[in-house]
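Structure first, commentary second.
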Amino acid sequence: MSTEQDRLQLGRALFAPRTVALVGASADAAKLASRPQRVLRKHGFDGTIIPINPGRSEINGDKAYPDIRSVPQKIDHAFIMVPAKAVPGVIEDCAAAGVKAATIFSAGFAETGEEGARIQKRMVDTARAGGVRLIGPNCLGIANVTGKTVLSANAVLESQVLVPGNLSLVSQSGSMMGGTVSRAQERGLGFSKMVSVGNECDVGVGEIVDCMVDDPDTKCILLFLEAFRDAPRLGAAARRAYALGKPVIAFKLGRSAVGREIATTHTGAIAGADDVAEAFFRDHGIIRVKTYEALFETPQLVMGFKPPKGKRVAVFTGTGGAAAMVVDQLGLAGIAVVPPPQAVIDELAGKGIHINDAPLTDLPMGRAEGDVYPKIIHALERSDHCDAIIAVQGSTATQRPDSVRERILNAGRVSKPLGSFLGPAANEALAILQRGGAAAFRTPEACADAVRAYCEWRAPLEHPAVDAGVKTKLDAALQALSGKAVNERTASQLLGALGIPFAASQVVQGGGDAVSTGFPAVAKILSADIPHKTEAGGVVLNIADSAQLKTEVDAMLARIRKAQPQAKLDGVLVQRMESGIAEVIVGFRRDRDAGPLVMVGVGGILAELGGGHALRLAPVSLDTAREMIDEVKAFAVLRGYRNKPKGDLEALARVVQAMSQLAAADVVAEAEINPLLVKSDGVVAVDALVALNKTGG
């Protein structure tokens, strides 16, 4: 994590430069390279602009120089627009001249392939050696709206009159920075800081968020994300923002993407990129929206509040159909729309407002005038039956836009999040509400999404330290595995060091070897080269006696040797057959972006068919493990569904917590128990898989 001095220095160089060099600036107004100079002037930059162009001595009234080294005064920030191959040379000039920051508009780097990546690496190495911080490449620039410094080639930022406000934005998509600004400003929302990060070759989203946390003009930080590139820094910055009461709201693309790489375990296949993102956001207290409009409509709903205790929303309206759309969306998202309690009904009746106890409070036509809306809002605010309030309005918002002042703004600041959905097209009324500091939504989907995001918001998760005794046992087990391939037997011994119970087993080299596990038994091929034994024909269940065991073991060895002659076979693992109420998968994975993760879900052969799972960053506490188990709907079978026997969920939680402690073992890339059999009293693991990283075996 960067020091406060580092953040302040970077923030000044990015957002408050006094001298800006435009490298590759053009005097031709038809060329893109001419735009940043116009944009700076348009938005009131009162510092010094220095065009860099070897063919010009002056551009649009500003003295030009052939290169950075020729400039006699100190340059704070360089905006670079030359071809990619020329950029490393410009960075060398920046380093020699003491330039603190450079934004690289130019494209043609790592995003284009191997040669572009080579140029980018050279550029970054030069910058780091010379103390130059880089934004980009392949980015559209930076805007400090409150400080009147807009350094960008974005067409929207040239055409728009930028409205100062308390939102700040970091976008991994250059074009969507302009798109978000234009859409938000149309609703009466303004910005403090905005950054398009491009390839994030040096300064990433996390560091920029860290700078924005320190900005007194920023009250809420918005993220438009395509991927995680500096997840640890982003997580740390988001935690700082939460502590200072500045919500971080993220919209991330790629929700439908499949896994980013082929994984050894089922855990890797099940916990895809979007699950990892969800776990990351939850862990660090980031509010995640799933609709684009909710990204800039949610801030007014959540600013000034902390995460709620529950997921209960009160909805009232004077136009039933519009409200029903919101209620429907909330129901699909798993958010409870709760009816008013009798105390609220009685309180409002005493004020001449008569409502019933239906989940949706629908006022009769013509009964919503005057101070009816504020009185209902305050009654709901004082009641502890709901965590948030939605007021839905109909055609009056279009016919009389100013009516929203009477209905919503006159209620003042309330102690719960209050959102308004306007059924018809009512842009003027939306702008009035949002300029007045009230959350207002154009679509039922965005309204419900924002409320869902608030209801699912949680404080940053505190991770427990790994138990010292367990760590000692784990280190010893890993030391014993050093340099060896890991098969099921050694994997179970490693995971057993965490305190996870395994079924009794032994290894045989042929069907004639004596076994003491008892019958019925299961025989499984033992090989680090065959992680998925069932698919390979390497599992036989319900072996009744020694005679059948001999036949099955010898046949299995012959079958596998013929089908997979390249596989190194360590024998056959014979295990006592176990049974339980349900089969569960508990997995660990070290994600390249988000870090160590633990998962629990429906296990056995159904694991990859979507039976349900929960994922968290590891390690987790026992309470978090219990919370994960509660999230998996299919575990109803373990909670006594339809009078079935209850499973030992506490024992399951202990295994999830134990598995999460693999976070302390850097050499473990993935691990999995599938299935873990949950019994009425205890659990037992009957299969294990561990994959070490390249330094671990």
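Please sort 460-469, 171-180 by packing, taking for each peptide the average over its residues of neighbouring beta carbons within 10 angstrom, highest first.
In decreasing order of mean packing, 460-469, 171-180 become 171-180, 460-469.
Which FRET efficiency value, to the nearest 0.05, is calculated for residue 5 and residue 382 with the Förster distance at 41 angstrom and r the Cβ-Cβ distance?
Computed FRET efficiency for residue 5 and residue 382 comes out at 0.30.
From the helices alone, meaning DSSP H stretches of at least four residues, give me the mean residue ellipticity at 222 nm for the chain, per-run term -39500 (n - 2.57), in deg cm²/dmol to the nearest 500.
Computed mean residue ellipticity for the chain: -10000 deg cm²/dmol.
What angle, in degrees between 0 and 90 and rounded to the nearest 10, separates the Cα long axis of helix 174-186 from the longest principal axis of the Cα atoms of the chain?
The angle comes out at about 60 degrees.
Got a sec to turn the phi values of segment 658-675 into Karplus ³J(HN,Hα) couplings, 6.51 cos²θ - 1.76 cosθ + 1.60 with θ = phi - 60°, whole Hz, x for Gly and Pro?
Computed from phi, the couplings for segment 658-675 are 4, 4, 5, 6, 5, 4, 7, 10, 4, 6, 8, 8, 8, 8, 7, 10, 7, x Hz.
Under 37 °C and 0.692 mPa s, how fast does segment 1-149 diffuse according to Stokes-Einstein, given a Kirkwood radius computed over C-alpha pairs? Answer in µm²/s, whole number.
Diffusion coefficient, whole number: 212 µm²/s.
Testing the spin-label approximation: label points 7 Å from Cα along Cα→Cβ at residue 354 and residue 634. State their distance in nm.
5.2
So, with a 1.4 angstrom probe, what is the percent of accessible area on segment 406-534 that is carbon and sulfur?
50
Can you list the HN-Hα couplings for segment 275-282, worked out from phi with the Karplus curve (6.51, -1.76, 1.60; θ = phi - 60°), rounded to whole Hz and with x for Gly and Pro?
With the stated coefficients, segment 275-282 comes to 4, 5, 4, 4, 5, 5, 4, 4 Hz.
Want the number for residue 159 to residue 182: 0.36 nm per residue separation, take away the alpha-carbon distance, what's left?
That pair, residue 159 and residue 182, stretches by 7.3 nm at full extension.
Please list 492-498, 550-556 highest first by mean number of surrounding beta-carbon atoms within 10 Å per residue.
With the highest mean Cβ count within 10 Å placed first, the list reads 492-498, 550-556.
Under 12 Å from a point placed 7 Å out from the Cα of residue 129 along the Cα-to-Cβ direction: which residues of segment 84-111 have their backbone N that close?
Under cut-off, by backbone N: 89, 92-93, 95-96.
Residue 473: which aspartates and glutamates have alpha carbons under 18 Å from its alpha carbon, excluding same-chain residues fewer than 8 sequence positions away?
Within the straight-line cut-off, residue 473 pairs with 666.
Need the full-extension length gain, residue 650 to residue 561, defined as separation in residues times 0.36 nm minus the C-alpha distance. One decimal, nm.
Going from the current span to full extension adds 27.8 nm.
For an R0 of 35 angstrom, estimate the FRET efficiency from the Cβ-Cβ distance between residue 680 and residue 621 and round to the nearest 0.05.
0.90
Of the DSSP beta bridges with both residues in the chain, give the percent that are antiparallel, rounding to the nearest 5.
Taking every DSSP beta bridge within the chain, about 50 percent pair in antiparallel fashion.
With +1 on each Lys and Arg Cβ and -1 on each Asp and Glu Cβ, how big is the dipole of the chain about its Cα centre, in debye rounded to the nearest 20?
880
Could you give the angle, 0 to 90 degrees to the nearest 10, between helix 546-563's Cα long axis and the longest principal axis of the Cα atoms of the chain?
Roughly 50 degrees between the two axes.
Total Lys pairs in segment 282-424 closer than 14 Å by alpha-carbon, pairs eight or more apart in sequence or interchain only?
Lysine pair count for segment 282-424: 4.
Going Cα to Cα from residue 524, which lysines come in below 21 Å? Please leave out same-chain ones fewer than 8 positions away.
List returned: 484, 533, 550, 562, 568.
Hey, quick one: spin label on residue 375, modelled 7 Å out along Cα-Cβ, who in segment 385-419 has an amide N within reach, i.e. under 16 Å?
Answer for segment 385-419: 406-408, 410-411.
Label-point separation (nm) for residue 111 and residue 57, each offset 7 Å from Cα along Cα-to-Cβ?
3.8
Residue separation times 0.36 nm, minus the C-alpha to C-alpha distance between residue 479 and residue 541: what's the value?
Between residue 479 and residue 541, full extension yields an extra 19.0 nm.
Amide H of residue 79 versus every other amide H placed in the peptide plane: which residues, excluding those fewer than 5 positions away on the same chain, fall under 5 Å?
HN-HN under 5 Å from residue 79: 21, 22, 23, 103.
Report, to the nearest 10°, how far helix 4-15 tilts away from the longest principal axis of the Cα atoms in the chain, using its own Cα long axis and a range of 0 to 90°.
Between helix and principal axis, roughly 50 degrees.
Report, ordered by chain and residue number, the lysines lying within cross-link reach of residue 148, taken as a straight Cα distance under 17 Å and ignoring same-chain residues fewer than 8 apart.
42, 193
The values are calculated or read from the model by the stated rules, or taken from the named source; none is laboratory data. Because the structure is a prediction, the values reported are computed rather than measured. No Cβ is skipped: glycine too gets one built from the backbone with ideal geometry, and neighbour counts run over all protein chains shown. For accessibility, only protein heavy atoms count, side chains too; no ligands or nucleic acids. Shrake-Rupley method; radii C 1.70, N 1.55, O 1.52, S 1.80 Å.
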